[in-house]
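What follows is a set of notes on a single structure, which appears directly below.
The values are calculated or read from the model by the stated rules, or taken from the named source; none is laboratory data. Please read these numbers as outputs of a predicted model, since none were measured by experiment. FYI the Cβ positions are ideal-geometry reconstructions off the backbone, even for glycines, and counts take in every protein chain you see.
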Amino acid sequence: MTRTGEGLRERKKRAMRRQLSDTAMTMFLERGFEPVRVADVAEACGVSEKTVFNYFPSKEALLLDRLEAMADALRHHLADPALPPVAAMLRVLDGELADVETTLTESGDQDHALTTYRRFGDLIRDTPSLRAYRSDVADRYVDVAAEALASRTGLGHADPEVQITAAALVGLWRIQVRGLRTHLRPGHPIPDAVATVADEVRRAASRLESGLA
């Protein structure tokens, strides 16, 4: 899908980035993360290894690049003073959930897509460097959320009130990731699983809004 205002150069760069990421995921799932080199991904895509690193800072980023899109959503929604923080975070998560549902339901073979989704989760769980990278991404989410919240409150991003709020909001993302992992399974209707995950996230969000007391 062409993005509004996107030129030919930007479309080509986005297409190449997607090709590299998709190719890497296929190769990692088939052969494992460690045996596949960045040079192997580059060769499969007909580009140089340097080109791959121009798009991705690390081998781990090739597989987990889509996590970075959430940082932009956090910056956009959490900085909006018209949205309470929890409502803003739910808007971010609803967007992510809709993307997951669309990707899976538009697949020709939904059970195959769900199996691949679970294999992707297994690969991350079983690969220490990928687990560490995802943890680092989550830490960056907290930093991004804190910066966005600070911009609307007048407090510093390192103030404890901002930090605990940012960490709690990113905790809702963790609930959603865990819920998707639990409920998205072959043989189970995707819309039902997504609805269950959304309900679990809102139950957790309700607790944040009412306060731990």
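So the values come out like this:
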| quantity | calculated |
| --- | --- |
| Complete set of residues in the stretch 126-148 that are more than 30 Å from P85 (Cβ to Cβ) and of a type in the set (D, E, K, R) | D126 |
| Sole residue being under 17 Å from the mean Cα position of the chain (by Cα), within 19 Å of A15 (Cα to Cα) and among the hydrophobic types (A, V, I, L, M, F, W, C), chosen from L74, L64 | L64 |
| Residue list for the stretch 82-116, restricted to those being modelled with pLDDT under 90 and either under 16 Å from the mean Cα position of the chain (by Cα) or within 23 Å of V170 (Cα to Cα) (or both) | T103 |
| Exclusive hit being in the same structural domain as Q176 (by TED's automatic domain parsing), surrounded by 14 or more Cβ atoms within 10 Å (Cβ to Cβ), among the acidic types (D, E) and under 21 Å from D136 (Cα atoms), set E68, E96, E101 | E96 |
| Single condition I190 does not satisfy, out of (1) in contact (Cβ under 8 Å) with a residue 60 or more places away in the chain; (2) closer than 23 Å to A88 by Cβ; (3) hydrophobic (A, V, I, L, M, F, W, C) | (2) |
| Tally, over the stretch 116-136, of residues that are assigned to a helix (DSSP H, G or I), closer than 15 Å to F28 by Cα and among the hydroxyl-bearing types (S, T, Y) | 3 |
| Those residues of the stretch 66-94 which are under 25 Å from S21 (Cβ atoms) and touching a Ser or Thr at 6+ places or on another chain (Cβ under 8 Å), in sequence order | R66 |
| Hits in the stretch 160-205 - residues which are among the hydroxyl-bearing types (S, T, Y) and modelled with pLDDT under 95 | T165, T182 |
